[in-house]
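Let me begin by presenting the structure, written as structure tokens, before commenting on it.
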2 protein chains.
Amino acid sequence: MAGSEILARPVRLTDEVTRIIAERIASGVLSPGQQMPSEKELGETFGVSRAVVREAISRLKHDGLIEVRQGVRAFVSANPGGQVFRLEAPGGVDLAALFDLRICTEARAAELAAAHRRSDDLRRMADALAGMKSPVLESDDKVSADAAFHAAIAAASANGYFARLVEFLGEALRAAIGTARRNSARLPGMSALVQTEHEAIFAAIERGEAAQAGQAMTVHLSNARDRLGLAEKTPAG
Amino acid sequence: MAGSEILARPVRLTDEVTRIIAERIASGVLSPGQQMPSEKELGETFGVSRAVVREAISRLKHDGLIEVRQGVRAFVSANPGGQVFRLEAPGGVDLAALFDLRICTEARAAELAAAHRRSDDLRRMADALAGMKSPVLESDDKVSADAAFHAAIAAASANGYFARLVEFLGEALRAAIGTARRNSARLPGMSALVQTEHEAIFAAIERGEAAQAGQAMTVHLSNARDRLGLAEKTPAG
DNA sequence: CATATCTTCTTGTCTGACAAGAAAGAAGAC
DNA sequence: GTCTTCTTTCTTGTCAGACAAGAAGATATG
């Protein structure tokens, strides 16, 4: 560790090493299939201990960026970035852009749900709808019911990827909205209009009318975006 | 690929510990905001050293599932799963389902691209088109040119999330297709028909006709799915 | 030449140690 | 009694060394 101190101290060393290696892979400095330096060499390069390097390597392996073979070394994965979609937005989340992605995804999920709906799917949607309609529940419970409604639709799409992506985007947006306007304003919440939109979606899915279900979902989420005061990013298509 | 790993493989302790803790978070055994056991306690619980626990903790922190505070402990994140979308497919990737998601995403990206296109976006699309048309390039180069064409469209959407998701899904599908039919069959590849489809997409985007661009992209990717022999997941009846 | 063994390198895991940061309790000042 | 400050203790962050397990190349052996 003679002298080569290229890392600033206040950050966590593991974070820095992870970031640098990931950048080198993304930028092509380390090309797919290429053999990486050994943990010992990496430690000497960055001026850190092997434990730090191992934690960074562990993360990158978990993300699918590299493949480690005991006794040999680590190799840059054949398709780096092909396993994990990370929403990292260090400078803040672009809520409007994220909403666009959600609208697109959930609209298609609603179409698929209308085509593949089954009785238990419909029952879960109906249960969630009833949960939002009930006047006795707390606000948090209604948010959960709203999430359950959208999750039920996504699950009915019979496509696990849609289900997981819808859940992912919903959670990400809820978290982003929560931090963006923490206590600053009441959530627009479950007004009668929202309930009407939800029921329109449910009715279309129940009737098996894919196009109408997708359209109803698009309307609902577009309105939700507007209710949050977010500008429309896309002149209508 | 997953089928060829029936051999008894050594279990990495870090993988096991990571999986168990992640499951406990996902299943609610560890609820958001809750304080986790210390590294020492976790190590004693699982019967592993602190180094193994630390690598697992490091991964979970990287995934946003937990937040670690030096001197205190780790806490389950407020929105676990809200940062990383993982394509993990135990039992193999469902290519048809993944294609559905890609079609939906790229179709919308094409619509947005038609609405937001700029001259440099169009130039990159044209360059990629020319690359695929050239008869002198190798097959790999044409695959890269195809990826560049789709990436240029996604970039033109003026929505970074679409750009990254399109890239992510494209890489994941290429990797999955590559492992599914490794050397078993030539990629259907850059036939004249594919070129025609690409040019239809480009023309619609160039003219700024969003609906037509989305439709052309849907047709193109649906055909691509059919050329791979994948059944349509959505019976329209 | 073919094969078995050995050496060496690398990753996987364990152990112990110390620094840095934070919280709880103890001690003193008012 | 209450407030402030110090100390102790716990926890994470980092380092160092050690050994087992696995793999590749070198070497000895037939």
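The values are calculated or read from the model by the stated rules, or taken from the named source; none is laboratory data. The shown structure was predicted, so the numbers you read here are calculated from the model rather than taken from an experiment. Glycine also receives a Cβ, built like all others from the backbone with ideal geometry; neighbour counts cover every protein chain displayed.
For the stretch A:68-87, a tally of residues being closer than 18 Å to B:GLY170 by Cβ and within 16 Å of DNA strand C (Cβ to nearest atom) returns 1. When the residues of the stretch B:43-54 are narrowed to those that are near DNA strand C (Cβ under 7 Å from one of its atoms) and outside any loop (DSSP other than H, G, I, E, B), which ends up nearest to B:ARG19 (Cα to Cα)? Looking at residues that are near DNA strand C (Cβ under 7 Å from one of its atoms) and outside any loop (DSSP other than H, G, I, E, B), I get B:VAL52. Of all residues being more than 7 Å from every other protein chain (Cβ to nearest Cβ) and not hydrophobic (A, V, I, L, M, F, W, C) in the stretch A:106-121, which is surrounded by the most Cβ atoms within 10 Å (Cβ to Cβ)? Just the residue, please. Within the stretch A:106-121, the match that is surrounded by the most Cβ atoms within 10 Å (Cβ to Cβ) is A:GLU106. Among the residues of the stretch A:66-90, what is the count of those that are more than 10 Å from DNA strand D (Cβ to nearest atom) and modelled with pLDDT of 95 or more? Total meeting the criteria: 6. Flag: A:LEU13 matches the condition of being within 13 Å of another protein chain (Cβ to nearest Cβ), more than 8 Å from DNA strand C (Cβ to nearest atom) and of a type outside the set (Asp, Glu). Only one of the listed residues (B:GLY82, B:GLY64, B:GLY71) is within 30 Å of B:THR218 (Cα to Cα) and part of a loop (DSSP other than H, G, I, E, B). That residue is B:GLY82. Filtering the stretch B:28-59 to residues that are touching a residue at least 12 places away in the same chain (Cβ under 8 Å), surrounded by 15 or more Cβ atoms within 10 Å (Cβ to Cβ) and within 11 Å of DNA strand D (Cβ to nearest atom) leaves B:MET36, B:PRO37, B:GLU39, B:LEU42, B:VAL53, B:ARG54, B:GLU55, B:ILE57.
Residue-by-condition table, conditions (1) more than 7 Å from chain B (Cβ to nearest Cβ); (2) within 22 Å of B:VAL93 (Cβ to Cβ):
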| position | (1), (2) |
| --- | --- |
| A:SER58 | no, no |
| A:HIS62 | no, yes |
| A:ILE66 | yes, yes |
| A:ARG69 | yes, no |
| A:SER77 | yes, yes |
| A:GLY82 | no, yes |
| A:LEU98 | no, no |
| A:ARG102 | yes, no |
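The condition of being at pLDDT below 90 and among the aliphatic types (A, V, I, L, M) holds for only one of B:ALA147, B:ALA176, B:ALA154, that being B:ALA176.
The numbered conditions (1) in contact with a Ser or Thr (Cβ under 7 Å, 6 or more places away or on another chain); (2) over 30 Å from A:VAL17 (Cα atoms) are all true for B:ASP94 except (1).
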